[in-house]
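Structure record follows, encoded as structure tokens.
The values are calculated or read from the model by the stated rules, or taken from the named source; none is laboratory data. Note that the coordinates shown come from a computational prediction; the quantities given were computed from them, not determined experimentally. As a convention, Cβ positions derive from the backbone with ideal geometry for all residues, glycine included, and neighbour counts pool all protein chains shown. Protein only, heavy atoms only, side chains kept; ligands, DNA and RNA dropped before computing areas. Shrake-Rupley method; radii C 1.70, N 1.55, O 1.52, S 1.80 Å.
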Amino acid sequence: MLIIGERINATRKRVGQATAEKNAALIKEEARKQVEAGAQVLDVNGGIPGRETECLPWLVSVVQEEVDVPLCLDSADPQALRLALPLCKKRAIINSITDEPERQQALMPLIREFNTQVVALCMSTSGPPCTAEDRVTTAVRLIDFLTQQGVEEDDIYVDPCILPLSLDAGHCTAMLEATAQIASRFPNVHRSCGLSNVSHGLPQRKLINEVFLAMLMSRGLDAAILDPTDAHLMAVIRAGEALTGRDEFCAQYLEASRAGKLV
């Protein structure tokens with residue numbers, strides 16, 4: 001399971017204020033805590049309106065002063081990505097490309113030039129998906145497009161698009177079914193998600209996140225953008241990997257237990 005830390009996101013009040021004020025110490029603390037907790041990649045979002053071309057490169061530089069992991073650059077601004085990508089010391093992931101021609105035309109030159117991996121979000125010109133069929137159809141188009149452009153399947157992370165459970169319970173069952181179908185049809189393509197979206201607007205959000213992650217792992221999810229500092233969520237991942245046959249002889253589970261990480 002590829003764990004992508006979600007916490008360096010300028011849309012979060014604390015991080016946004018630190019980014020606006022160039023408070024490098026807080027950003028470094030967030031980066032360090034996530035990696036120490038088990039994040040293998042850090043998502044970096046510099047989305048302050050009107051300042052992203054300034055903020056995203058700054059965040060990339062500050063994070064890399066503190067930790068030595070790849071970055072997932074989360075931006076809707078191609079110019080901000082163009083300024084930030086040359087600063088990445090390790091191969092980056094672009095989050096995300098969609099089934100929208102304008103977005104594809106803007107991002108493909110960057111994907112090629114910087115040899116990035118890419119999150120393929122199942123969003124089209126008609127908006128967010130409603131059903132499992134919508135998600136799978138969009139995923140097929142995105143995978144076909146990217147592979148025709150020369151992107152290897154192993155470098156694609158399909159995100160079937162989690163929408164809040166509070167809006168419609170059907171979104172979650174559709175996400176589960178789509179993840180399973182994509183895993184079956186494209187075993188060499190990764191399946192990812194932005195986990196915390198599922199619990200938006202609900203109480204006890206961590207509980208919803210943990211249960212849904214376990215369900216998604218059983219359907220083939222192998223990467224997620226989430227909060228690695230949630231120790232119980234990380235324990236769910238270790239148990240889920242053992243239960244889905246991804247942890248031979250439960251080695252990682254037993255190691256986590258000995259380290260006191262199964263809480």
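Considering each residue of the stretch 208-255, count those that are under 23 Å from Glu29 (Cα atoms), of a type in the set (A, V, I, L, M) and out of contact with any strand residue (DSSP E or B) (no Cβ under 9 Å at 6 or more places or on another chain), and give that number.
Count: 2.
Quick one: which residue in Ala259, Ala239, Ala251 is surrounded by fewer than 18 Cβ atoms within 10 Å (Cβ to Cβ), at pLDDT below 95 and more than 25 Å from Leu71 (Cα to Cα)? So that I can check it myself, show each step before the final result.
Working: Ala239 fails: at pLDDT below 95; Ala251 fails: at pLDDT below 95.
Selected residue: Ala259, the only one of Ala259, Ala239, Ala251 that is surrounded by fewer than 18 Cβ atoms within 10 Å (Cβ to Cβ), at pLDDT below 95 and more than 25 Å from Leu71 (Cα to Cα).
In the list Ala120, Ala106, which residue meets the criterion of being in a strand (DSSP E or B), of a type in the set (Gly, Ala, Ser) and at negative phi?
Ala120 is the lone residue from the list that is in a strand (DSSP E or B), of a type in the set (Gly, Ala, Ser) and at negative phi.
Taking the options Thr137, Thr131, Thr173, Thr147, name whichever one is surrounded by fewer than 21 Cβ atoms within 10 Å (Cβ to Cβ), out of contact with any helix residue (DSSP H, G or I) (no Cβ under 9 Å at 6 or more places or on another chain) and of a type in the set (Ser, Thr, Tyr).
One residue alone meets the criteria, Thr137.
Conditions (1) modelled with pLDDT of 95 or more; (2) in contact with a Gly (Cβ under 9 Å, 6 or more places away or on another chain); (3) surrounded by fewer than 22 Cβ atoms within 10 Å (Cβ to Cβ), marked per residue:
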residue	(1), (2), (3)
Ala180	yes, yes, yes
His190	yes, no, no
Gly194	yes, no, yes
Leu207	yes, no, yes
Met217	yes, yes, no
Ala224	yes, yes, no
Leu243	yes, no, yes
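Counting only residues that are more than 17 Å from Arg7 (Cα to Cα) and free of Cβ contacts under 8 Å to residues at least 12 places away in the same chain, which one in the stretch 196-205 is least open to solvent (accessible area, probe 1.4 Å)?
The selected residue is Pro203.
Can you find, within the stretch 6-44, the residue that is farthest from the chain's Cα centre (by Cα) among those that are surrounded by 20 or more Cβ atoms within 10 Å (Cβ to Cβ), of a type in the set (Gly, Ala, Ser) and assigned to a helix (DSSP H, G or I)?
Per the stated criteria, the residue is Ala18.
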